[in-house]
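Just below is one structure, and these are the notes that go with it.
The values are calculated or read from the model by the stated rules, or taken from the named source; none is laboratory data. Model, not experiment: these values are computed from the prediction. The accessibility values were calculated without ligands, DNA or RNA, using every heavy atom of the protein model including side chains. Shrake-Rupley method; radii C 1.70, N 1.55, O 1.52, S 1.80 Å.
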Amino acid sequence: DASFSQQLRFVCQTSAEALRCEASLIQMRNPDGNSVTVLESWERPPRRITRLPGTVLKEDHFHKPRLLKEFVVATDDVELAEVEPSTRQAIRQHGVRATLAAEIFHGAPQSATIWLGKEEKHHWSHEEIAFARSVAGLVALLFSTRRNAETLAALELIDEGIYTEDATGKVQYSNRAANLPTQGVDRQTTIPRAQYPLA
């Protein structure tokens, strides 16, 4: 029953705690191709959340191509990494030194990223990198579920009766209009099945 925002916040917190990180966030790339918007973030108490949901950040042009190519980018020490100065400064504001970022693919034109940070320099293990990739997959599933729910909600609002059947003819889904009484008219007449000529 949790909202989409609550689900993302839960993923931020539990993934960060599992990897003993101090901060995490999930961000969506914007259509301009140069910035991202923070969807959810978490920082270990008593830290104050540095990047609240809705914050727009400039995307790093060194980091982005690596992420799109490798899907997970592990940075052991941000101070030694090839990143833009503004990115290094933003990461310093989080009070972290090592970062782990994973690409989230969810079938939409705009991709997203989950980012995790540790306070000290850290060599990320293969297991930690695999974990970040798995978390990104989970977030992609949350995006997909939300999109499907929005589609079903839209189908409930239209006046045309829509339903789907499986191979045996059993109704799998029907919208509100398809379930309205047909006032004595046979359902097959109201919503006819497609007829296919025999080969």
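Please report, largest first and rounded to whole Å, the three semi-axes of the ellipsoid equivalent to region 1-46, where each semi-axis is the square root of five times an eigenvalue of the C-alpha gyration tensor. Don't skip to the end; give the middle numbers.
On the way: eigenvalues 91, 41, 12 Å².
Taking √(5λ) for each eigenvalue gives 21, 14, 8 Å, largest first.
Give me the number: length gained by fully extending S5 to Q93, i.e. 0.36 nm times residue separation minus the C-alpha to C-alpha distance, one decimal in nm. Before the final figure, lay out the partial values.
On the way: separation 88, 0.36 × 88 = 31.68 nm, distance 2.36 nm.
Extra length from S5 to Q93 when fully extended: 29.3 nm.
Normalised by the empirical 2.2 N^0.38 Å for globular proteins, what value does the Cα Rg of region 46-101 take?
1.15
Roughly to the nearest percent, how much of the accessible area of region 40-133 is carbon and sulfur, given a 1.4 Å probe?
58
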